[in-house]
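Novice: Take this structure, written in structure tokens, and hold onto it; I'll ask about it next.
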Amino acid sequence: MATTQLIATLIGWLPTIFNWALAPAACLLLLLAFFRKARTGATWGLVTIAALSLSLLSLGAAAVFYVGWEFWRVALDLLVEFGPRVAINFLARLFRGVGVLPLDLGPMIATAAGSTIAAIALGGPRKVDTGVGDLE
């Protein structure tokens, strides 16, 4: 039971974690990337932030999917019986209770995508060994 409460609390705090911890850290690491000596550390920091943000974002997506999976039949019945306005209102109130609002998803997705793209870009070109031409 304690694990369920911990996950529910974490889902409620997801936007706060992104807005006050991960996004500013990603911005700071992007600024550090302009200095040649700090570029390697900034790259590893951005990789870490990308991994954290993607895992936290997947937790929020899993919560939304779980709620949607549980109530899809109710929403379909409301759609058939009362029309789309009532069904949309029901789903909006339901997903508002999950804790992750669509407005909160913007900074979360931007942090995850931006830190991933920046980490890949800072990693530089890699020589890929295809094995072609190694025949002797």
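Novice: Checking residue 66 against (1) modelled with pLDDT under 85; (2) hydroxyl-bearing (Ser, Thr, Tyr); (3) under 21 Å from residue 115 (Cα atoms); (4) surrounded by fewer than 18 Cβ atoms within 10 Å (Cβ to Cβ), which single condition isn't satisfied?
Specialist: It fails just one condition, (3).
Novice: With at pLDDT below 75 and either on the phi > 0 side of the Ramachandran plot or of a type in the set (A, V, I, L, M, F, W, C) (or both) as the only criterion, which of 30, 101, 91 stands out?
Specialist: The conditions single out 101.
Novice: Has the range 14-35 got any residue that is without any contact (Cβ under 8 Å) to a residue 12 or more places away in the chain, within 20 Å of residue 107 (Cα to Cα), surrounded by 14 or more Cβ atoms within 10 Å (Cβ to Cβ) and polar (S, T, N, Q)?
Specialist: No: zero hits.
Novice: Here's a follow-up. Contact list please: Cβ distance under 7 Å, first residue in the range 43-59 and closer than 16 Å to residue 120 by Cα, second residue hydroxyl-bearing (Ser, Thr, Tyr), pairs at least six apart or on different chains.
Specialist: 46/115; 49/115; 50/115; 50/116; 53/111; 53/115
The values are calculated or read from the model by the stated rules, or taken from the named source; none is laboratory data. Bear in mind that the values here come from a model prediction, so they are computed numbers and not experimental data. Reconstructed Cβ throughout: ideal geometry from the backbone, glycine too, with neighbour counts over all protein chains shown.
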